[in-house]
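Here the structure is laid out as C-alpha cells; the discussion comes afterwards.
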Amino acid sequence: MQTNQKAISSLVDYIKVDQFYISCHFKCDVKNKTIVSTVPFEPYNGKVCLTWKDVVFHPIASYNLYFHTPVTIFNAECHETIVLKAFQEVSNYFTWNQKENRYIYN
C-alpha cells in the first residue's frame with residue numbers, strides 16, 4: 001500500500017496521548033467511519049532497552065533514557081513518526097483511491 005504522508009495526515013481526526021500509549025483516530029470523511037490505532041508511547045525505531053544493571057547502578061541515567069527519549073508524533077518531513085506507525089497498524093482497513101487521491105475506508 002502506498003504511504004502518502006499528506007493523505008494519511010488528512011485522515012487524522014485526533015490524537016490522544018497518555019503516559020504509556022498514543023491513540024490515533026483516523027476518520028474517512030467519504031464513509032464517515034473512524035478507526036482507532038493505539039501504539040506504545042516509545043521512540044519509533046524501537047523500544048528503549050534497559051538492563052537491571054542499568055537501573056540499579058545508573059538509576060538517573062536510566063530514568064532519563066526512558067522518559068526523555070524524543071518521540072515524534074507527526075512531522076511532514078520525517079518518515080518515522082508515531083502517526084505513520086499507527087496508520088500501518090490499521091492500513092488494511094483503508095484502500096488507496098487513485099481517482100480521489102486519498103485513502104478510503106473499506
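The values are calculated or read from the model by the stated rules, or taken from the named source; none is laboratory data. This is a predicted model, so every value here is computed, not measured. Glycine also receives a Cβ, built like all others from the backbone with ideal geometry; neighbour counts cover every protein chain displayed.
Any residue that is modelled with pLDDT of 85 or more, polar (S, T, N, Q) and touching a Ser or Thr at 6+ places or on another chain (Cβ under 8 Å) - is there at least one of those in region 27-48?
Yes, region 27-48 has at least one match.
State whether one or more residues within region 84-100 are modelled with pLDDT under 90 and surrounded by 11 or more Cβ atoms within 10 Å (Cβ to Cβ).
Checking region 84-100: at least one residue is modelled with pLDDT under 90 and surrounded by 11 or more Cβ atoms within 10 Å (Cβ to Cβ).
Are any residues in region 87-106 in a loop (DSSP other than H, G, I, E, B) and either under 21 Å from the mean Cα position of the chain (by Cα) or of a type outside the set (D, E) (or both), and if so, which ones?
Q98, K99, N101, N106, listed by residue number.
Looking at K16, is it at pLDDT below 95, over 16 Å from E89 (Cβ atoms) and not polar (S, T, N, Q)? Break it down into steps so the answer makes sense when it comes.
Values: at pLDDT below 95: yes; over 16 Å from E89 (Cβ atoms): no; not polar (S, T, N, Q): yes.
So K16 fails the test.
Just the residues that are under 16 Å from A7 (Cβ atoms) and either at pLDDT 80 or above or among the hydrophobic types (A, V, I, L, M, F, W, C) (or both), please, taken from region 53-77.
F74, A76
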